[in-house]
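Heads up, the thing below is written out as structure tokens.
The values are calculated or read from the model by the stated rules, or taken from the named source; none is laboratory data. Owing to the predicted nature of the structure, the values given are computational and were not obtained by experimental measurement. Positions of Cβ are generated from backbone atoms using ideal geometry, with glycine treated the same way; all protein chains shown enter the neighbour counts.
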Amino acid sequence: MPKKRVLVTGGAGFLGSHLCDRFLAEGYHVIAMDNLITGSMENIEHLMARPDFEYYHCDVSKYVHVPGELKYILHFASPASPIDYLKMPIQTLKVGSLGTHNLLGLAKAKGARMLIASTSEVYGDPLVHPQTETYWGNVNPVGPRGVYDEAKRFQEAMTMAYHTFHGLETRIVRIFNTYGPRMRLDDGRVLPAFVSQALRGEDLTIFGDGSQTRSFCYVDDLVEGIYRLLLSDYAHPVNIGNPAEITIREFAEEIIRLTGTEQKVTYKPLPQDDPKQRQPDISVAREVLGWEPKYSRAEGLKPTLEYFKKKVLQKQEA
Ligand code: UDP
């Protein structure tokens, strides 16, 4: 029996590369696609020699071609950290809109099931807490974050339209803040920022007064949730995240404690439209997928800090 084939866009990125690992472990043939504007070959170099793995260098916003059959398509290509999508606003809008359209067309042609990576950013700066999937959000379309938020909202709308109009099998995961090995040290997100500052002997930069909250999910938990969602028959959006909520100030203190640094915190202005609070309501994931996160922050941060320490050392030696 030939292996079932899965396409992962953004396959050389943080989440995409972990998904490639998971599908290979489950016995699939994996095709990873990336244009490497934020992804890195380092994340998949351990897979390159495998006969059940292929890498296509491709910008999915332009055109997507994959020969042969496809069972599943997972669309994870996109700049995903605020500093990345502020630097690349047009690419971010294009990969969420044109890229999604191209991939939906590919899924239709192949009879494949398509799962899209949506985000808690569809809720914007939320007025409902914790966020349920039925909440429609509070997004500023013309603010700096609008390029990501609206691309993802359009992506959901387009995916739903292919589902209802063409009968395409689709799945929508709304991903909340996720962390783990293979995050880029310089991606500007709060965890890599704090950890690299602590390890380099710099003060940790808190934006605003640090009273804003986030809820951090370890990557293995996220991948398990996505895997279950893909195999389920649920076509509506599902939040996947860890409900353990923490203020950014407390999080900075936690990183200072865990890294054993002598550094302190310093305050910088809060970026425009920065959400004040964020926590996933995961009742749907619990009921429909039987899923909930297994890793506490303490457990997830251990391997993550190890990874970052190695990366900082490599950088200093280079
Ligand atoms: N943040 C911070 N210092 C940093 C980077 C981020 O205080 O060096 C804050 C940021 O303003 C936000 C939170 O940490 O309130 C999470 O930011 P991140 O960029 O990780 O992701 P977001 O959840 O905002 O997309």
| query | Quick one: what pairs do we get from segment 170-188, first residue of a type in the set (S, T, N, Q), second within 13 Å of the ligand (Cβ to nearest atom) and outside any loop (DSSP other than H, G, I, E, B), C-beta under 6 Å, 6+ apart or different chains? | reply | N177/R214; T178/C217
| query | Here are some residues: Q277, Q212. Which one is near the ligand (Cβ under 10 Å from one of its atoms) and in contact with a His (Cβ under 8 Å, 6 or more places away or on another chain)? | reply | Q277
| query | Do we find a residue being in contact (Cβ under 8 Å) with a residue 12 or more places away in the chain and of a type in the set (K, R) anywhere in segment 75-92? | reply | no
| task | State whether one or more residues within segment 277-296 are closer than 19 Å to M183 by Cβ, in a helix (DSSP H, G or I) and over 21 Å from the mean Cα position of the chain (by Cα). | result | no
| Residues (within 11 Å of the ligand (Cβ to nearest atom), closer than 16 Å to E306 by Cα and of a type in the set (A, V, I, L, M)) located in segment 177-207 | M183, L191, A193, V195
| Has segment 163-174 got at least one residue that is within 11 Å of the ligand (Cβ to nearest atom) and touching a Pro at 6+ places or on another chain (Cβ under 9 Å)? | no
| When residues of segment 87-112 are limited to those that are buried (at least 18 other Cβ atoms within 10 Å of the Cβ) and basic (K, R), the one nearest to T164 (Cα to Cα) | K110
| Just wondering, is there one or more residues in segment 242-249 that are over 21 Å from Y123 (Cβ atoms) and more than 19 Å from the chain's Cα centre (by Cα)? | yes
| message | Just to verify a result, which residue in segment 110-125, among those that are touching a Phe, Trp or Tyr at 6+ places or on another chain (Cβ under 9 Å) and polar (S, T, N, Q), is nearest to Q277 (Cα to Cα)? | response | S120
| request: Scan the strands (runs of 3 or more DSSP E) fully inside segment 1-120 and keep the ones with 1 or more residues being away from the ligand (no atom under 16 Å from the Cβ) and over 19 Å from M158 (Cβ atoms). | output: 5-9, 29-34, 53-57
| query | Does P82 satisfy the condition of being of a type outside the set (K, R) and in contact with a Gly (Cβ under 8 Å, 6 or more places away or on another chain)? | reply | yes
| said: Show the residue pairs meeting these rules: Cβ distance below 9 Å; 6+ apart or different chains; first residue within segment 264-289 and surrounded by 13 or more Cβ atoms within 10 Å (Cβ to Cβ) and at pLDDT 95 or above; second residue part of a helix (DSSP H, G or I) and among the β-branched types (V, I, T). | reply: V265/I256
